[in-house]
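Peer 1: Please see the structure below; I have some questions.
The values are calculated or read from the model by the stated rules, or taken from the named source; none is laboratory data. Keep in mind that what you see is a predicted model, and the values were worked out from it rather than measured. Ideal geometry is used to build each Cβ from the backbone, glycine not excepted, and the neighbour counts take in all protein chains shown. Quick note on the areas: whole protein, heavy atoms, side chains included, nothing else; ligands and nucleic acids left out. Shrake-Rupley method; radii C 1.70, N 1.55, O 1.52, S 1.80 Å.
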Amino acid sequence: MASHVNSAVESSTFGAIYGTITVLSVLIAHAPPIADPFKLAVVLFGAVLAVALAEAFADICKLMMDTGRTAAWADFKLAWQHSSTVLLAASLPSVCMLLAVMNLLSNQAAYTAAHIAAIATLTVFGARIGWKAKRTIWSLLAGALTTALIGMLISSMKYFAH
């Protein structure tokens, strides 16, 4: 049981990191001023959903090629469970943009909060990777710092892209 739980945590870690980088890429493509925060929330979630579906489809294709059999319903369910962790990444940034739709945040504040949420997600999962690697506070901090810096680097690309 513990092995299954660790495997699920590891899978969610990689999915969340992959999804978060997708979120940051979408945010870069929609640089301020943000005219329609609802549209951006839908695009954020939709882009990450597309990545999750593509990952599930790739898993099913790989399974069929490796086994030489047609995929069963259980295979589809397992592939979706594996790839749906990517959706974790879209949740907070999408909520940030929806707060702008409800006029609880300005469009710019929501956009900034979405970036911060994405970088925080990378930081938390990077810390998890660091801890898993060596189980020391230094490896935890190194993992967190590394993924946070990668997130900030990706975020700063918007200044070069626009």
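Peer 1: Under 26 Å from Ala133 (Cβ atoms), modelled with pLDDT under 90 and either among the small types (Gly, Ala, Ser) or open to solvent by less than 20 Å² (accessible area, probe 1.4 Å) (or both), is that true of Ala16?
Peer 2: Numbers: under 26 Å from Ala133 (Cβ atoms): yes; modelled with pLDDT under 90: yes; either among the small types (Gly, Ala, Ser) or open to solvent by less than 20 Å² (accessible area, probe 1.4 Å) (or both): yes.
Yes: the conditions hold for Ala16.
Peer 1: Among the residues of region 77-85, is there at least one that is open to solvent by 30 Å² or more (accessible area, probe 1.4 Å), over 17 Å from Ile17 (Cβ atoms) and of a type in the set (D, E, K, R)?
Peer 2: Looking through region 77-85, at least one residue is open to solvent by 30 Å² or more (accessible area, probe 1.4 Å), over 17 Å from Ile17 (Cβ atoms) and of a type in the set (D, E, K, R).
Peer 1: Right, here's the next one. For region 50-68, enumerate the residues that are within 21 Å of Leu92 (Cα to Cα) and open to solvent by 60 Å² or more (accessible area, probe 1.4 Å).
Peer 2: Matches in region 50-68: Leu53 only.
Residues checked against (1) more than 18 Å from the chain's Cα centre (by Cα); (2) within 18 Å of Ile21 (Cβ to Cβ); (3) loosely packed, with under 13 Cβ neighbours inside 10 Å:
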| position | (1), (2), (3) |
| --- | --- |
| Leu105 | yes, no, no |
| Ala117 | no, yes, no |
| Ala127 | no, yes, no |
| Ile137 | yes, no, yes |
| Gly143 | no, yes, no |
| Thr146 | no, yes, no |
| Ile150 | no, yes, no |
| Leu153 | no, yes, yes |
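Peer 1: Right, next: Go over the candidates Ala35, Ala71, Ala31 one by one and state the one that is open to solvent by 50 Å² or more (accessible area, probe 1.4 Å), part of a loop (DSSP other than H, G, I, E, B) and out of contact with any Gly (no Cβ under 6 Å at 6 or more places or on another chain). Give the derivation first.
Peer 2: On the way: Ala71 fails: open to solvent by 50 Å² or more (accessible area, probe 1.4 Å); Ala31 fails: open to solvent by 50 Å² or more (accessible area, probe 1.4 Å).
Residue meeting the stated conditions: Ala35.
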